[in-house]
Structures are given as structure tokens and as C-alpha cells.
1. Please give the FRET efficiency for Val29 paired with Val101, using the beta carbon to beta carbon distance and R0 = 30 Å, rounded to the nearest 0.05.
2. When the Cα centres of segment 86-152 and segment 67-84 are compared, how far apart do they sit, in Å?
3. Pull up the cross-link candidates among the aspartates and glutamates for Lys127, meaning alpha carbon to alpha carbon under 19 Å and not fewer than 8 places away within one chain.
4. Any aspartates and glutamates with Cα under 12 Å of the Lys107 Cα? List them, leaving off those in the same chain fewer than 8 positions away.
5. Given a 1.4 Å probe, how much area per residue of segment 81-146 is accessible, in Å²?
6. Over segment 1-123, what is the mean sequence separation of C-alpha contacts under 8 Å (at least six apart), divided by residue count, expressed as relative contact order in percent?
7. How much of Val29 can a 1.4 Å solvent probe reach, expressed as accessible area in Å² and rounded to 10?
8. With a ≥ b ≥ c taken as the square roots of the eigenvalues of the C-alpha gyration tensor of segment 1-147, please select rounded if a/c is under 1.5 and otherwise prolate if a/b is larger than b/c or oblate if it is not?
Amino acid sequence: MTSQAPSTWSARLDGFIALGDSTCAFNPVYGQGMTSGAIGALLLRDCLKEGGASDRELPRKFFRRLGSFQAGPWGMATGADFRFAGTEGRRPLASRVLGPVIDAMFKAGQADAEIQNRVGEVINMVKPPSALFERPMLYRAARAWLRGRASSPPKTSKPDPMPPLGAADPASV
């Protein structure tokens, strides 16, 4: 049996538009697939309203809009994946530069309900990732970070969650 290189598809498939996971398959851990598929359907609806189903430019217009939208959740997912040491591949500059800022934003959200709500809106794709970098959000995060640096207690070692062998039976204490 010989291995053949995959052939490329050169024919146009008028009347067909790819949606959902057939255009971009996200890591299911982040829960972006269903929302991205639904937003893709809304983008297709808008393109159909503008030019109709017979518009020969429909696929190009739709995929340009879809690609522009998918860049956000794809960047969030791959950026999150690169936080794990075992992730292979070249880390994009945006991930290296924005990763610490996003980490600070998440941490600031623990003490600031407005930041926490914005992070939730971005994660749940109600707002685009750029909403984390609006001036008021950056200001709030910087203020929370500075407040935390000024008042953070010295680090202490945490107790071992597993008692050593031979420790007293918790039921007898």
C-alpha cells in the first residue's frame, strides 16, 4: 500500500458555506465552540441580508467576517494554552506580551466586581477580548495591583494537605 499526498480541491461549491467546527475547532476545555458556531450563523445571516444567496461574493465576505471574529476566541484559547509548560509551538508575541496583563486582570477581578464582570463577559464571548484593554479596565486593574502590592502580607509556607503516615486518625481526635 502506498501513501498518496492529499489532493487539493479546486472546484467551487456554490451554495455551500462551512460553519461551526468545520471552520475552526477550538479546545473544548474553553467552551467556545457552540458560541462561535452560533455567532458564525448570525454573521452568515447578516451577509445574506446584505447581498442575498445568489451573491457570488457571499463566501468571501462571510469568511472574511468570520475570520475576523474567530481571531478573538482563537487568540484567547491559544494564549491560555501557552500558559502550560507542556504546550508546544511558537508562542505568539501577543501571548508573551499580553499574558501577564491578562493574569493581572484576572487577579484584580478577585477584589473588583467590575473587572470580574468584564472578564466574565469576555470569557463568555459577550464582549470581544479588546474590552479587557479599555482604559477604565486597565486603570482599575493597575489600581488593584498597586493596592495589592502595598498591602500583601509576607508569603508563608502552606500546611501539607496530606498528613504524614502515622498521624493521628482524624476520627479519634
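1. Numbers: r = 22 Å, r/R0 = 0.73.
Once rounded, the FRET efficiency stands at 0.85.
2. Computed from Cα coordinates, the inter-centre distance equals 14 Å.
3. Within the straight-line limit of under 19 Å, Lys127 reaches these aspartates and glutamates: Asp46, Asp103, Asp112, Glu114.
4. Result set, ordered by chain and number: empty.
5. Accessible surface, normalised per residue, equals 71 Å².
6. Computed over segment 1-123, the figure is 15 percent.
7. The accessible area of Val29 comes to roughly 120 Å².
8. Details: a/c = 3.04, a/b = 1.63, b/c = 1.86.
Oblate, because a/c is 1.5 or more while a/b does not exceed b/c.
The values are calculated or read from the model by the stated rules, or taken from the named source; none is laboratory data. For clarity, every value in this text was computed on a predicted model and none was experimentally measured. For neighbour counting, all protein chains shown are included, and Cβ atoms are generated from backbone atoms with ideal geometry for every residue, glycine included. Accessible surface is based on the protein model in full, side chains and every heavy atom, while ligands, DNA and RNA are left aside. Shrake-Rupley method; radii C 1.70, N 1.55, O 1.52, S 1.80 Å.
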